[in-house]
Each structure stands twice: as structure tokens, then as C-alpha cells.
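Report on the following structure.
What follows is calculated from the coordinates using simple rules that are stated; it is not laboratory data. These figures come from a predicted structure and were not determined experimentally. A quick note on method: Cβ atoms are made from the backbone with ideal geometry, for glycine too, and the neighbour counts reach across all protein chains shown.
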Amino acid sequence: DPVVGVLALQGDVREHLAALEAAGVRAVGVRRPAELAAVDGLVIPGGESTTMGLLLRTFGLLDPLRAAVAGGLPTYGSCAGMILLASEILDTRPDAVHLDGLDVTVRRNAFGRQVDSFEADLDVVGVSGPPVHAVFIRAPWVERVGPDVEVLATVPAGPAAGRVVAVRQNSVLATSFHPEVTGDRRIHAMFVDMVRAAAERAEPAGGTARAD
Ligand code: GLN
């Protein structure tokens with residue numbers, strides 16, 4: 001069974017570990033390059049993107065993580081995690097870390113001009129059943145989407161209507177909101193499906209290749 005890591009430098013690590021376990025995989029905290037190398041997928045949690053970026057440098061994880069993402073490691077970033085995965089970040093410090101896993105421009109604390117935190121019910125591409133109840137906490141939005149990026153959800157109504165809040169590009173998934181706090185495991189399940197699909201591609205079903 002796949003093992004999914006949660007980047008455990010800062011932020012709401014515990015909630016993601018629990019959500020992943022509930023979605024049916026083994027979940028482990030990742031703080032060191034050797035731990036990163038051992039996982040089949042990685043969640044970058046919410047927290048504070050500039051702090052997490054500094055800690056990535058301090059822990060020697062920045063280059064390994066950038067390489068892993070570029071190499072196709074399935075990665076899901078929520079909120080601060082979405083910010084870190086972007087190729088361009090607005091309203092951050094000039095030396096802010098960006099992992100370039102998504103060809104998007106995100107604006108940090110974007111909803112803050114209207115309201116710091118809010119909740120909304122979203123239709124998310126790839127998630128069936130009722131709308132996803134999304135919790136936004138000093139959240140970013142996606143302001144530019146590159147040609148290979150799929151928009152999965154936008155804010156349905158209100159002053160931020162139409163703003164992009166969930167995207168996917170190849171093996172990278174990101175949401176502005178925090179599915180780990182609601183008890184709805186469908187976003188984590190979607191990510192686990194991505195992890196399983198990537199693991200299948202790496203080692204086709206039927207197990208080890210045999211000469212006979
Ligand atoms: N505002 C935070 C940042 O800039 C993100 C908030 C969150 O992850 N809930 O990183």
C-alpha cells in the first residue's frame with residue numbers, strides 16, 4: 001500500500017495525517033530528505049508559507065523537494081502548501097520559496113481585503129456527490145493559470161465570485177482551502193487516487209516483472 005508523507009515543519013500536520021489515514025493509506029511526517037525519498041506522495045499543509053519556506057532551507061529539504069516535485073512525486077498543497085507549489089507568488093517577501101510545481105500565479109492572503117476567513121460550498125471537478133464545504137483561512141487565490149493547469153473549483157458567489165481556488169497540473173494538486181478540518185475526506189481521497197495511479201505506473205499491477 002502506498003505511503004503518503006505530510007511535510008511536518010510547521011502547520012496543521014496532524015489533521016492531514018488523520019485525513020490520509022481515513023482515506024486508506026499509511027501517513028507519515030516528513031522532516032528529512034531520507035523521509036521524503038521514502039514516500040509515494042506528499043501533502044504540504046496549511047500554515048505560513050514564508051516560515052515553511054525558511055524551514056525548508058534550514059532542514060536541507062528545499063532542493064530535494066523541488067527535484068521530487070519536478071520528477072513527478074504526487075504532491076498536494078493546501079493553502080500555504082498551494083502558495084509554496086506555485087511558480088509565482090504575489091504579496092510575499094522577495095526571497096520567498098516557490099517550488100514551481102504548478103504553472104500558476106497565486107496571491108497570498110488574497111481574500112483579506114474583504115474578509116480574512118470564510119466558508120463556501122464548492123463544486124469540485126473530480127469530486128462526486130454534494131458540494132465540498134470549503135474552509136478558507138487567510139487563503140490565497142490563483143490569479144493566473146498556465147495552459148497545462150486544470151481549474152477544479154472557483155468561488156461560486158459573493159465578492160470573490162469566480163476566483164480560482166483549486167487546481168491540478170499532472171501529479172500536483174492544490175486547494176486554497178482546508179479539507180482536513182471538515183471531516184469530508186473526498187479531496188484527500190482524490191489525492192490518494194493520484195498517488196495510487198502514479199504507483200501503478202511505476203510498478204504495473206501484477207507485481208514484479210518476471211523473465212518467464
Ligand atoms: N496566509 C498564509 C500564508 O501566507 C496561509 C494560510 C493558511 O495556510 N491557512 O502562508
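Can you name the helices of the chain, as whole DSSP H runs, whose Cα span along the helix axis is 18 Å or more and whose Kyte-Doolittle mean is not below 0.0? Please report the intermediate quantities before stating the final value.
Details: long enough: 186-202 (24 Å, 0.28).
Those that pass (Cα extent of 18 Å or more, hydropathy at least 0.0) are 186-202.
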- Output ³J(HN,Hα) for the stretch 83-95: one whole-Hz value per residue in order, computed from phi by the Karplus curve 6.51 cos²θ - 1.76 cosθ + 1.60 with θ = phi - 60°, and x for Gly and Pro. 4, 5, 7, 5, 8, 8, 10, 9, 6, 9, 7, x, 9
- Item | Using θ = phi - 60° and Karplus 6.51 cos²θ - 1.76 cosθ + 1.60, couplings along the stretch 3-8 (whole Hz; Gly, Pro as x) | 10, 10, x, 10, 4, 10
- Residue among V142, V125, V172 farthest towards the positive dipole end of the stretch 107-193, charges placed on Cβ: V142
- Amide H neighbours of L99 under 5 Å, at least 5 residues apart or on other chains, H built in the peptide plane: list them. L85, A86
- Item | Spin-label pair A22/A157, simplified geometry with 7 Å Cα→Cβ offset, distance in nm | 2.6 nm
- Query: Separation between the D193 and E143 pseudo-spin-labels, each 7 Å from Cα along Cα→Cβ, expressed in nm?
  - Reply: 3.2 nm
